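Data block below; observations after.
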Amino acid sequence: MATLIKDEHFERLAEGVKPDRKKRILLSKILEMPGVTFDVYQNHLGQIVLDPRQSISAYEAWLLHNPKALRSLIRGLKQSGEGKTKDLGSFAAFATDDDDESA
């Protein structure tokens, strides 16, 4: 298994938190991370680690499964960051009404 703890520096977010009657610990005031789910781990000492996960839509996940496209995107972002871009003008002439992304 890959290393679970990726940063050894922890900040105490709360002290003396007790479970409620249903054995739940409320983190809503501590963690404000919209769209995040957690994998929960416990060691033999009873210490619990919450490992945040964020999911992406299937519409966007194709990129992670297409190494060639992902490499091209990373290369393009790097080139853009280095100022290696060309202005190719407007592409408005190629747009059509059915290009709406919300469809």
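The values are calculated or read from the model by the stated rules, or taken from the named source; none is laboratory data. Just so we're clear, the structure is a prediction, and the values are computed from it rather than from any experiment. Heads up, the Cβs are rebuilt from the backbone with ideal geometry, glycines too, and the neighbour counts pull from every protein chain shown.
Key figures for this structure:
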read-out	value
Region 32-44, subset modelled with pLDDT under 85 and assigned to a loop (DSSP other than H, G, I, E, B), residue surrounded by the fewest Cβ atoms within 10 Å (Cβ to Cβ)	Pro34
Neighbours by Cβ (under 9 Å, 6+ apart or cross-chain): first from region 52-63, over 13 Å from Pro34 (Cα atoms) and among the small types (Gly, Ala, Ser); second part of a loop (DSSP other than H, G, I, E, B) and at pLDDT below 85	Ala61/Ser55
Of all residues making up region 15-53, the number that are within 19 Å of Thr3 (Cβ to Cβ) and touching a Ser or Thr at 6+ places or on another chain (Cβ under 9 Å)	2
